[in-house]
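To keep things clear, I will list the structure first and then write my remarks on it.
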Amino acid sequence: MDVQKPGRMNAAEIKESGAIVARARAGDAEAWGDLYREYAPAIFRFCRRALPTREDAEDATMEIFMKIRDKLDQYDATRPFSSWLYKVAANHCWDVLRRRKIRQDKETEDLETLPLEHPDPNQLDQLIEKRTSEEVRKALDKLGSRARMALVLRYYSDMSYDEIADSLGVRRAFVGVVLLRARHELRQALEGPGAMAAGGAR
């Protein structure tokens, strides 16, 4: 998967990023431009998976960086900047989805309908890697908004269960249930007749 995850930079990169953030916080416009060029592509990819359309992702990316600029003084410099950035992005995307109430019906289904056998996360990773980004996005579109957002937070921003619970506003114990359903639904979507035909055509 073409994923740039937070917290995966080496020590030198973290130090350099911290220096740029410090300059940006001090009002250095050039440093702010450097931050945008460095992180905007990854945040756009994150938003593109979390939100229904490319236009939504483009709008969200701009809005997220506007928020970041206003909130830079709230950033804790002892933690990786990318982790904080992804958290702001996650909260923004989730707010967008909640406002639109996308597929809320799927979020209130009886949890007892979940199968006892569920996809192994590693097997799901392998299945995703065999599909194009467009196929994965189309499969994600078939999920309820909470399930989709949980998957994006877990696999594309590398958040912990506690961080996912905080972002989605749910109890930590519920995160595992949401991910269980989401993995099952995503695998079904990726293995459906249309997805299999598309995958076998390459």
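Computed from the C-beta positions of residue 76 and residue 141, the FRET efficiency with R₀ = 30 Å rounds to 0.30. Applied to the range 172-179, the Karplus parametrisation 6.51 cos²θ - 1.76 cosθ + 1.60 on θ = phi - 60° returns per-residue 3J(HN,Hα) values of 4, 4, 7, 4, x, 5, 4, 5 Hz, with x for Gly and Pro.
With every protein chain kept in the model, how would you rank 84, 94 by accessible area, 1.4 Å probe, largest at the top?
Values: 84 50, 94 5 Å².
Final ranking, largest accessible area leading: 84, 94.
Multiplying the sequence separation of residue 125 and residue 160 by 0.36 nm and subtracting their Cα-Cα distance, what value in nm do you get? Display every interim value, and only then the final one.
Working: separation 35, 0.36 × 35 = 12.60 nm, distance 1.72 nm.
Stretched fully, the residue 125-residue 160 segment lengthens by 10.9 nm.
Using a probe of 1.4 Å on the protein chains alone, the accessible area found for residue 55 is around 110 Å².
If DNA, RNA and ligands are ignored and the probe is 1.4 Å, what is the ranking of 128, 20 by accessible area, most exposed first? The partial results should precede the final answer.
On the way: 128 10, 20 35 Å².
The ordering from most to least exposed comes out as 20, 128.
In terms of accessible area, using a 1.4 Å probe and ignoring ligands and nucleic acids, 161, 36 rank largest first as 36, 161. Karplus-based coupling profile of the range 159-164, in residue order and whole Hz: 7, 7, 4, 4, 5, 5, with θ = phi - 60° in 6.51 cos²θ - 1.76 cosθ + 1.60 and x standing for Gly or Pro.
The values are calculated or read from the model by the stated rules, or taken from the named source; none is laboratory data. All values reported here derive from a predicted model rather than from experimental measurement. Here the Cβ is made from the backbone with ideal geometry for all residues, glycine too, and neighbour counts use every protein chain on show. Each accessible area value is taken on the protein alone, full model and side chains, heavy atoms only, with ligands, DNA and RNA left out. Shrake-Rupley method; radii C 1.70, N 1.55, O 1.52, S 1.80 Å.
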